[in-house]
């Protein structure tokens, strides 16, 4: 069985996502802004859900059709597939909508049109209808509109895949786990190198790096909507889960992974997250100012996501902070690689160092750059 699959991922991480999905067995891969489409067999379908780190969600294509208004959408949805197979009235559902067109420019009313098409069809077949459940549906439909076409898909999870389950505590402006994982992959850090985050917040960079190094499959800790689909193959699913467990090395010896956080409450959150992830023996958190952080003698990789004045920080104070941070790095981190996520180009200038590489990425809708510096 061949499945048309769409991965939705952070803008700027398309190439990282393409490499990841290709490694896991996806074929016919094509990337566009924030999206990757591919074809997978059922084993690969299960594998990417277990092991992929970068996507926010996966969507399984049901049907693509012309769509130039509510009436055409209504009938296109009713004819999209064999609904007797997919939507028994005993199942609850939810409809999400993205994109738009000239005639369908309000996502709420577009979602209502899809819902009405489905429940009207159910009434005609069974004489009863499903209930809508926005929080925990049995089935989640996703309609994407582009110009005069609609793409109807099944979402494979009811919530975003960036949630790993280890993060009970987080800072004021937390970095999403999938974005952190993708940025770590872009940095080319590997488990032979020390990793330090001098402004670690709740520790997301460190946790994702450690889990990449250990081969921990993020999908092992969650359930998926496809486990109740009519073509779900439990035997194949168990086989892929067992394979994902085999590549996980919980006791693997990792390099030094160190975080520093000045705020005691946020440092405690980081420690709690590390404990929940079973990484107490692998990640160290130092409470205090980064200026008091003594870096290991052998150079490694520094990663950080400092404030850039969009959600946190006063710009004048941040200029001073970046200057001081740049001085600290040049004094204490000669020979190290620095990767910094920055959403304000003016602030990065105050580091007083020349950037060697930059990758545009989106962090929660903020246009950012993942900047690489060789510290001399």
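What follows is calculated from the coordinates using simple rules that are stated; it is not laboratory data. Keep in mind the model is a prediction, meaning the values are calculated, not measured. So basically every Cβ, Gly included, is an ideal-geometry build from the backbone, and we count neighbours across all protein chains shown.
Compared with the direct C-alpha span, the chain from residue 220 to residue 120 gains 32.3 nm at full extension, assuming 0.36 nm per residue.
Against the chain, whose longest principal axis is taken from its Cα atoms, helix 234-247 shows a tilt of about 10°.
Counted over all Cα-Cα pairs of region 204-261, pairs farther apart than 16 Å make up 55 percent.
Residue separation times 0.36 nm, minus the C-alpha to C-alpha distance between residue 146 and residue 2: what's the value?
Working: separation 144, 0.36 × 144 = 51.84 nm, distance 2.44 nm.
Extra length from residue 146 to residue 2 when fully extended: 49.4 nm.
The angle between the Cα long axis of helix 264-276 and the longest principal axis of the Cα atoms of the chain comes to about 60 degrees, rounded to the nearest 10. Counting 0.36 nm for each residue step from residue 88 to residue 317 and taking away their Cα separation leaves a gain of 76.6 nm.
For region 1-18 versus region 298-375, the inter-centroid distance based on Cα atoms is 28 Å. Helix 204-214 and the longest principal axis of the C-alpha atoms of the chain enclose an angle of approximately 80°.
The convex hull built on the alpha-carbon positions of region 334-376 has an orientation-averaged projected area of 2.9 nm². Pairwise Cα distances in region 234-376 exceed 17 Å for 69 percent of all pairs.
Can you give me the relative contact order of the chain as a percent, contacts being Cα pairs under 8 Å and 6 or more apart? Value for the chain: 15 percent. Roughly how far apart, in whole Å, are the Cα centres of region 67-116 and region 142-169? Distance between centres, Cα-based: 16 Å.
At an R0 of 35 angstrom, the distance between the Cβ atoms of residue 289 and residue 15 translates into a FRET efficiency of 0.45.
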